[in-house]
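Right, one structure below, let's go through it.
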Amino acid sequence: MGCFVSMRKFLDKLYLHSAHLASFFLLLVLTIIVIQMLTRWTGFTFPGATAYAGYAMAGSAFFALAHTLNEDGHIRVKILLHRLGGKRRGAEIWCYSIGSMLSVYFFYYSCRAVYFSLIFNDISQSEDAWPVWIPQLVMVLGVLVMSIAFLDRLYQILFLGYEEVERVDDKMIN
């Protein structure tokens, strides 16, 4: 049981740090936009600012996914799940199984995209000519943490029992 508790703490910290990274990227978007406004007002240019803001926005979105999933912040059809009654656990297992498979699939192909961008020396088409694999790597890391979160939730439902997951969620809310 001690190993499970330490793993649980590690995963919760991983999801929380992922959320902190997402908020950092959001602040980076704000900073880039403010700098871009200042440079326009002063007559200077900030080459690639739009691309950098886009990269930071993607980083904020992908790093926020795991924490949001862990906190039950994603849109779920709870009305339908409550109406299923005794079949709710099976529906949750099905949903988390599909989510786990899709997130691992997305992680695999994200890794391939980074690999091919690196091999072909693919660069951004914006003014900065930034190597594309660098912002893609942020996506890969965010999807990796999201895949871990999906597999974690699936494991909780399969092996800890559905009621245990509900109680853990209730404790986190209070």
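Some notes on this structure:
- Residue satisfying all of: in the stretch 110-129; out of contact with any Leu (no Cβ under 6 Å at 6 or more places or on another chain) and within 25 Å of HIS20 (Cα to Cα); surrounded by the fewest Cβ atoms within 10 Å (Cβ to Cβ) among these: CYS111
- Residue list for the stretch 78-134, restricted to those being among the acidic types (Asp, Glu) and closer than 16 Å to LEU154 by Cβ: GLU92
- Evaluation of THR31 against (1) closer than 26 Å to TRP130 by Cβ; (2) modelled with pLDDT under 95 (one fails), failing number: (2)
- Selection status of LEU16, surrounded by fewer than 18 Cβ atoms within 10 Å (Cβ to Cβ), in contact with a His (Cβ under 9 Å, 6 or more places away or on another chain) and without any contact (Cβ under 8 Å) to a residue 60 or more places away in the chain: yes
- In the stretch 37-56 there is no residue that is hydrophobic (A, V, I, L, M, F, W, C), closer than 26 Å to MET139 by Cα and surrounded by fewer than 16 Cβ atoms within 10 Å (Cβ to Cβ).
- Count - residues of the stretch 112-131 that are assigned to a loop (DSSP other than H, G, I, E, B) and under 16 Å from PHE62 (Cα atoms): 0
- Close pairs from the stretch 90-116: first farther than 17 Å from ASP72 by Cα and of a type in the set (Ser, Thr, Tyr), partner surrounded by 16 or more Cβ atoms within 10 Å (Cβ to Cβ) and modelled with pLDDT of 95 or more, Cβ under 7 Å, at least 6 apart: SER110/VAL140; SER110/VAL143
- Scanning the stretch 132-150 for residues that are in contact with a Ser or Thr (Cβ under 7 Å, 6 or more places away or on another chain), among the hydrophobic types (A, V, I, L, M, F, W, C) and not in a loop (DSSP other than H, G, I, E, B) gives TRP133, MET139, VAL140, VAL143, VAL145, MET146, PHE150.
- Filtering the stretch 1-53 to residues that are farther than 30 Å from ILE123 by Cβ and among the small types (Gly, Ala, Ser) leaves GLY2, SER6, ALA19.
The values are calculated or read from the model by the stated rules, or taken from the named source; none is laboratory data. Model, not experiment: these values are computed from the prediction. Because the Cβ atoms are built from the backbone with ideal geometry, glycine has one as well, and the counts that use them run over all protein chains shown.
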